Amino acid sequence: MSEKKLEGRKNIIEVNNLKKHFKVGKGQILKAVDGVTFSIREGETLGLVGESGCGKSTTGRAMIRLYEATEGEVIFDGMNIQRLNRKELKNFTKQAQMIFQDPYASLNPRMTVGDIIGEGMDIHGLRKGKERMAKIYELLEIVGLNREHASRFPHEFSGGQRQRIGIARALSVEPKFIVCDEPISALDVSIQAQVVNLLEELQEEMGLTYLFIAHDLSMVKHISDRIAVMYLGAVMELTTSKVLYDEPLHPYTQALLSAIPIPDPEVERSRNRIILEGDVPSPINPPEGCKFQKRCKYVKDICREKAPELREVKPEHFVACHIVK
Amino acid sequence: MAELSKDKFIIEGKESSEAEAIVRPSLTYWADAWRRLKSNKMAIIAMTILIIITLAAIFAPIFSSYDYRTGDLLKTNLKPSSEHWFGTDELGRDLYVRVWEGTRISLFIGIVVALLNFTIGVLYGGISGYIGGSVDNLMMRFVDILFSIPYLIWVIMLTTVLGSGLFTIIIALSIAGWGGMARLVRGQVLQLKEMEYVMAAKTLGADAGRIITKHLIPNTIGVIIISITFAVPTAIFSEAFLSFIGLGIPVPNPSLGSLSNDGTRMLLLEPYQLVFPALVISAVMLSFQIFGDGLRDALDPRLRQ
């Protein structure tokens with residue numbers, strides 16, 4: 001994927017200092033996303049990786065306004081999506097879609113597959129009657145299912161098939177931008193490749209832009225043009241996938257990458273893994289300063305005092321760390 | 001690893017499009033539920049009994065030559081015979097007609113109360129759960145306060161204000177009963193509105209009305225139906241209890257409770273006067289319980305195979 005030319009393309013979506021805090025009672029605030037900034041260019045796939053609970057999904061959901069952001073802004077195609085009125089918001093939902101993580105929970109068990117895929121068209125009044133059915137059949141065939149499946153119910157399908165129905169639903173309104181919220185993590189490895197390949201083909205044919213959220217690093221490397229690494233609600237490192245894997249700069253990224261198993265016993269046996277001590281701190285009371293300080297072996301005084309900003313240390317390579325020069 | 005080109009492989013057996021075919025016939029939710037209910041013999045027997053009792057309650061008083069109100073004082077306390085199938089009471093009224101008329105009134109109360117509970121409970125619980133937050137908190141605390149008052153007190157208060165009668169009983173039992181349904185629906189809605197398919201609908205631009213009618217209600221309806229099935233016998237029994245202690249349907253209208261009450265007075269002399277209404281009320285209660293259990297097994301999605 002890295003041969004794709006991305007220089008000079010305009011940004012389709014920009015996220016500026018996005019924050020999403022949840023009240024969790026007793027005056028405590030859970031800072032799920034705490035100041036995230038990045039942008040995605042047209043036709044690009046940005047991978048968003050991190051441990052569970054680091055705010056990846058919350059970021060994705062706030063970007064399509066499933067959640068109201070606490071602070072910061074999301075600019076889609078020149079519009080601030082937090083300031084849309086009802087009509088503009090409805091129009092925005094036609095351009096930005098989402099593919100969900102759990103293929104068993106993301107399809108309404110009481111609707112036929114045809115109605116599930118057709119729902120977007122019904123809401124926006126795009127197509128009716130025969131035209132609607134024709135589009136549903138077309139979408140089913142695009143994702144590799146049969147037109148006979150339109151009258152079936154979700155429980156009759158396997159996980160991979162259901163995920164493809166979810167993709168067809170997202171495509172039904174002909175969006176430009178799709179948030180893929182861990183679309184493959186609930187699937188078998190053999191089915192994962194099938195879904196990822198389908199997503200890549202669709203991107204090529206329709207010029208889609210993806211935000212690909214995942215925790216499986218090898219799959220993200222395969223599909224993403226650039227990758228952002230998140231930790232405890234903040235982006236730690238952001239660069240092209242090749243550079244990220246070849247020369248990671250942030251200590252957290254280095255630790256993450258060293259956890260990927262290498263399918264060669266000789267190499268696997270001799271290499272040194274970076275083992276992180278401790279757990280991810282609770283996002284309810286995150287530490288002052290750098291989010292990663294408690295598990296970082298290079299930690300210095302400045303890390304405890306001031307949160308590092310995401311700086312461009314090399315062209316196209318952003319790192320949020322005081323240590324990296 | 002050596003590169004493997006695609007042309008070194010051929011597909012043996014199934015083409016990919018055939019591999020996606022589903023052999024099992026397509027069943028809607030209701031067809032599937034009916035299939036499972038049919039395989040439950042007890043539930044089907046209970047359902048049959050309920051249908052027979054309902055039909056008898058509707059038609060037996062119509063086709064009988066006797067009237068449930070007028071008695072023949074020359075024929076009091078008769079034993080069951082070919083003329084009076086269930087015998088007569090102390091005022092010489094035909095018990096067969098009175099039992100079915102009583103069943104009719106009891107079933108009517110049960111069904112109307114259950115439907116009222118359903119309507120109020122689904123609306124209230126649905127709104128409370130869907131909006132959530134402090135509105136939900138406020139609405140549910142109101143329910144808690146309302147239901148800390150026992151229904152007997154409601155009945156006594158309403159009887160004082162409205163006078164005793166069918167209407168009073170229905171109102172009192174509904175006031176006391178809709179909270180359970182509201183809590184149930186609220187719980188379901190709270191759970192369902194976080195489901196990914198609801199989020200998917202929101203992502204597609206669906207408004208609240210569409211989410212409620214297309215996604216939330218269809219997925220709660222099974223639980224609601226089960227709850228209604230259990231609400232009917234509860235209401236019937238509450239009414240029977242009220243009539244039994246003299247707070248229920250005023251004379252001469254019979255209900256299964258007041259008939260049982262009359263029967264107990266004659267228990268030592270003419271036991272059949274208690275046996276028939278007691279048998280019918282037991283059959284109704286038991287059948288509703290068994291049928292409700294069967295419905296739950298058939299409708300509960302967690303038991304879907």
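Which pairs have Cβ atoms under 7 Å, sit 6 or more apart or on different chains, and link a residue in the stretch B:203-224 that is more than 9 Å from chain A (Cβ to nearest Cβ) to one that is surrounded by fewer than 17 Cβ atoms within 10 Å (Cβ to Cβ)?
Final answer for the pair search is B:GLY222/B:ASP300; B:GLY222/B:PRO301.
Of all residues in the stretch B:36-76, count the ones that are in contact (Cβ under 8 Å) with a residue 60 or more places away in the chain and farther than 23 Å from B:VAL284 by Cα.
The total comes to 1.
Counting only residues that are buried (at least 18 other Cβ atoms within 10 Å of the Cβ) and closer than 20 Å to A:LYS176 by Cβ, how many does the stretch A:67-87 have?
Going through the stretch A:67-87 one residue at a time, the tally reaches 3.
What number of residues within the stretch B:179-192 are surrounded by fewer than 19 Cβ atoms within 10 Å (Cβ to Cβ) and within 13 Å of chain A (Cβ to nearest Cβ)?
Going through the stretch B:179-192 one residue at a time, the tally reaches 1.
Go through the stretch A:223-244 and give me each residue that's surrounded by 17 or more Cβ atoms within 10 Å (Cβ to Cβ), more than 14 Å from the chain's Cα centre (by Cα) and part of a helix (DSSP H, G or I).
A:SER241, A:VAL243, A:LEU244
If you go through the stretch B:77-92 one residue at a time, how many are free of Cβ contacts under 8 Å to residues at least 60 places away in the same chain and assigned to a loop (DSSP other than H, G, I, E, B)?
8
Quickly run through the stretch A:87-110 and pick out the residues that are among the hydrophobic types (A, V, I, L, M, F, W, C) and more than 7 Å from chain B (Cβ to nearest Cβ).
A:LEU89, A:PHE92, A:ALA96, A:ILE99, listed by residue number.
Could you tell me which numbered condition B:ILE156 fails, if it satisfies all but one of (1) free of Cβ contacts under 8 Å to residues at least 24 places away in the same chain; (2) away from every other protein chain (no Cβ under 14 Å)?
Answer for B:ILE156: the failing condition is (1).
In the stretch A:128-152, what count of residues is obtained for those that are of a type in the set (Phe, Trp, Tyr) and touching a Gly at 6+ places or on another chain (Cβ under 8 Å)?
Residues that pass the stated criteria total 0.
Quick check: anything in the stretch A:184-203 buried (at least 21 other Cβ atoms within 10 Å of the Cβ) and within 13 Å of another protein chain (Cβ to nearest Cβ)?
No.
With more than 26 Å from A:ILE184 (Cβ to Cβ), within 14 Å of chain B (Cβ to nearest Cβ) and under 19 Å from the mean Cα position of the chain (by Cα) as the only criterion, which of A:ILE64, A:ILE81 stands out?
Answer to the selection: A:ILE81.
Regarding the stretch A:141-160, can at least one residue be identified that is small (Gly, Ala, Ser), within 13 Å of chain B (Cβ to nearest Cβ), assigned to a helix (DSSP H, G or I) and surrounded by 15 or more Cβ atoms within 10 Å (Cβ to Cβ)?
Yes, the stretch A:141-160 has at least one match.
Just one of the numbered conditions (1) at pLDDT 90 or above; (2) within 23 Å of the chain's Cα centre (by Cα); (3) not polar (S, T, N, Q) is not true of B:PRO150; which one?
(1)
Among (1) more than 11 Å from every other protein chain (Cβ to nearest Cβ); (2) farther than 26 Å from A:THR58 by Cβ; (3) among the aliphatic types (A, V, I, L, M), which single condition is A:ALA214 missing?
Unmet for A:ALA214, out of (1) more than 11 Å from every other protein chain (Cβ to nearest Cβ); (2) farther than 26 Å from A:THR58 by Cβ; (3) among the aliphatic types (A, V, I, L, M): (2).
Filtering the stretch A:185-205 down to residues that are of a type in the set (A, V, I, L, M, F, W, C) and within 23 Å of A:ARG41 (Cα to Cα), which residue is modelled with the lowest pLDDT?
A:VAL195
Scan the stretch B:27-57 for residues that are farther than 18 Å from B:ALA298 by Cβ and more than 18 Å from the chain's Cα centre (by Cα) and report the count.
1
Looking at A:VAL173, A:VAL113, which is the one that is buried (at least 21 other Cβ atoms within 10 Å of the Cβ), under 25 Å from A:ASN197 (Cα atoms) and within 11 Å of chain B (Cβ to nearest Cβ)?
Testing whether each residue is buried (at least 21 other Cβ atoms within 10 Å of the Cβ), under 25 Å from A:ASN197 (Cα atoms) and within 11 Å of chain B (Cβ to nearest Cβ) leaves just A:VAL113.
Would you check which residues across the stretch A:88-110 are part of a loop (DSSP other than H, G, I, E, B), surrounded by fewer than 24 Cβ atoms within 10 Å (Cβ to Cβ) and of a type outside the set (Asp, Glu) and list them?
Hits for the stretch A:88-110 are A:GLN101, A:TYR104, A:ALA105, A:PRO109, A:ARG110.
What is the number of the single condition among (1) buried (at least 19 other Cβ atoms within 10 Å of the Cβ); (2) touching a helix residue (DSSP H, G or I) at 6+ places or on another chain (Cβ under 7 Å) that A:CYS54 does not meet?
Looking at each condition in turn, A:CYS54 falls short on (2).
Is there a residue being closer than 26 Å to B:ALA46 by Cβ and of a type in the set (D, E, K, R) anywhere in the stretch B:254-276?
No: zero hits.
Which of the residues that make up the stretch B:194-242 are basic (Lys, Arg) and buried (at least 18 other Cβ atoms within 10 Å of the Cβ)?
B:LYS202, B:LYS214
Could you count how many residues in the stretch A:120-140 are facing chain B (nearest Cβ under 7 Å) and either surrounded by fewer than 19 Cβ atoms within 10 Å (Cβ to Cβ) or at pLDDT 95 or above (or both)?
Adding up the residues that qualify gives 1.
The values are calculated or read from the model by the stated rules, or taken from the named source; none is laboratory data. For clarity, every value in this text was computed on a predicted model and none was experimentally measured. Backbone-built Cβ (ideal geometry, glycine too); neighbour counts: all protein chains shown.
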